[in-house]
Structures are given as C-alpha cells and as structure tokens.
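Structure, as structure tokens:
The values are calculated or read from the model by the stated rules, or taken from the named source; none is laboratory data. The model shown is predicted, which means the values in this text are computed figures rather than measured ones. Please note: Cβ atoms are built from the backbone with ideal geometry, for glycine as well, and neighbour counts cover all protein chains shown. Accessible surface is based on the protein model in full, side chains and every heavy atom, while ligands, DNA and RNA are left aside. Shrake-Rupley method; radii C 1.70, N 1.55, O 1.52, S 1.80 Å.
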Amino acid sequence: MGLRDRVFYVAPGEWTQYACRACDAAFLDPRPTREAIGLAYQGYVTSRPPTVDDESCFVSDSAVGRMRRMIRNGYLNARYGYSFTPATSAGRMLLPLFPRRREHADWWLRHLPKRETILDAGCGNGEFLLRMARAGWKVHGLEPDPVAAQVARAAGVPVTVAKLEEAHLPASSYDVVTMNHVIEHLHDPPAALANIHRMLVRDGLLWIATPNLGSAGHRIFRDRWLHLDSPRHLVLFFPNTLEQLLERCGFRPLRWFRACSARRSFANSAAVARDERPLTDDTISVRLRFRAAWADAITIAGGQHAEEFAVLARRE
C-alpha cells in the first residue's frame, strides 16, 4: 500500500496495511518491533507541557463566556454527578439545545460519571488527569515515554513509566481506566485489556477512544487519511471489531459515542494528500468544509462514519 510517515516525518520506510478476514481489524506490516517503535515518537505531541487552563473549550472571560461556563457546568453536574462551579441548574436543559457544545462537554470528561479513582493509560503530559484531579478524582497515569511522564510529574500528576501490557500496578485498584487514542498504538491489545481487567475493581469502567476505520474521511482520503499515521498506529478498528475484542477480554460495552466534528481531520488529511506537514494549520477549502459537514450530519443521524468513536464498557 506504500504507507509512509506523513505526519511527523521521523520514520523512514514504507508499510502496508492488511485487513484481518476474521475480525476486520487493520494491521500494519511490517510491524515495528517493541525495541524500535520508540524512534517513531521523536517530537511527539505528548511531550509538550500540559495546558494549565482546563476551561479550554470556554476560554473567554467575557460575560457571554462566563454564562457558557455556568451552563456547561450545570449540565455536567446534573448528568454525571460533579460539583463544578460556577454553575446554573438550567444548564441541564439549555446545553442539549446546542449539540456541538454538549458533545464537546461530554468528551471533555470522557463521558464518565463521578467516581473515586482513575487511571489514564497513555496519559502523555497528564493534561486530562490534571482536569480530573480538579474535579475530585484520585488520579494516576501510566505512560511508556519517560520524557512525557516527566512532563506530567512536573505538573503534579503521579505517573508510572511502563507499557500497558506489562504494567505491574495493584489489582482491583481503580474504578475507571481510560485510553484516549492509545489502543491503536499497542503491539498486543488483548494483553493490554487483560491487564486493565485485572486492575479494575468489580464493575469498574473502561473508556476507549480510537480512530474509526469505517469513517467517511478514510473512504475519501484512503491512504492519505490522517489517522492511518504509519508506523505509530499498529492496528485500527471498526466499532464492531472493538466490541468483539472487548467482549472476548471480559468487558461489556455499555454506550458508544461518536465525535461529530470531521472538519479538523479533513483539513489535516487534505494536507497529507498534498504532501504537506499536517497538524500545523486547520484551514480547509469550501468544498471540503461541505464534505465535512455532510460527514457530521450522517454521524448525528446514527451512522458509523465519524472520524473517531469512543466506548464505555464495564468489567464483567
């Protein structure tokens, strides 16, 4: 298929992506070894300092910005059991009137009801865990990159440096484990899920977000789709593929979530198609803007075409 590193331009060589006939997942070949894969993460985004301002989706200090924050907080408090302030109880009814803002708020907390302990596997610079600590959680991070782990520790996040498949954290010690765009980087996803199953308490929750192999963007851009990200993405999933894997590893999927915002993915995939460096400029042509809007519309209607999806599953 002639896939190359068209995102960070640090890994020489070409790869082919094959679909498994048994499960429909897509695998990279030749697969980088565990010893060599670290070379493909030079300058990776997780080594940047975390954003201190956790209100990044409502950064304005204007009267309108403060009202939006109160509405969002009121919605999250009512839906997930948090105690964010300032808040208005009207947020529970008002925010759903704006689907994009509601979706942003849900993903901001990874659709998680308030519990006590959380492990973020592949925590990177610790930005998400800083947010959850301020929301009242006892947080811990797991990160294979020692540079990113040190950045997180410097920000006050406790982090264990280890690969998820091999981490020796205590059994039955976390209410929730999250993996945000991590599973596609793993050499052995079943082993990683088995280890998470061991670390979760009974009825603990697992939240996974990952690119969607069935997305509209993949069909449009094909081998120039941003989320192929060779050679860092070793395996990519359809929702039903990940569902089968979760059930095989002792989890019961509870809810599925799809991000209804294709514009950034389309803009960066278009940059890849032009042989330009992505992730530097989100400008997009009028034609692609309409195609991204179409992709969002069919996702809202219940399609399987979102650029990424998330699943919340319970440990059985």
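The smallest convex shape that holds all Cα atoms of the chain, its convex hull, gives 135 Å³ per residue.
Each of A194, L142, F266 was scored by the projection of its Cα onto the charge dipole of the chain, and the greatest displacement toward the positive side belongs to F266; charges sit on the C-beta of Lys, Arg, Asp and Glu. Gain on full extension, evaluated as 0.36 nm per residue between T85 and W256 minus their Cα-Cα distance, stands at 58.7 nm. Between L226, P239, P30, whose Cα lies farthest towards the positive end of the dipole of the chain when Lys and Arg beta carbons carry +1 and Asp and Glu beta carbons carry -1, centred on the Cα centre? Checked the options; the winner is P239. Cα extents for region 169-316 along the principal axes, largest to smallest and rounded to whole angstrom: 51, 33, 22.
Each part reduced to its alpha carbon centroid, region 14-33 and region 226-289 end up 16 Å apart. The magnitude of the dipole of the chain, with charges of +1 and -1 set on the Cβ of Lys/Arg and Asp/Glu and taken from the Cα centre, is near 1020 debye.
On full extension, the segment bounded by M93 and A194 gains 32.4 nm, given 0.36 nm per residue less the C-alpha separation. Mean-square fluctuations from a GNM of the chain, with a 10 angstrom spring cutoff on Cα atoms, peak among F251, F238, F98 at F98. Label zone of A19 (point 7 Å out along Cα→Cβ, amide N under 19 Å): in region 218-254 this covers 218-230, 234-245.
Using 1/(1 + (r/R0)^6) with R0 = 30 angstrom and r between the beta carbons of V201 and T51, what's the FRET efficiency to the nearest 0.05?
FRET efficiency, V201 to T51: 0.50.
Ligands, DNA and RNA aside, C123 has an accessible area near 10 Å² when probed at 1.4 Å. Phi angles across region 24-31 convert, under the Karplus curve 6.51 cos²θ - 1.76 cosθ + 1.60 with θ = phi - 60°, into 3J(HN,Hα) values of 6, 5, 10, 10, 8, 9, x, 7 Hz, Gly and Pro given as x. Using the Cβ-Cβ distance between A36 and R222 with R0 set to 41 Å, the FRET efficiency from 1/(1 + (r/R0)^6) comes to roughly 0.95. Along region 226-231 the Karplus relation, 6.51 cos²θ - 1.76 cosθ + 1.60 evaluated at θ = phi - 60°, assigns HN-Hα couplings of 3, 7, 5, 6, 6, x Hz to successive residues, with x for each Gly and Pro.
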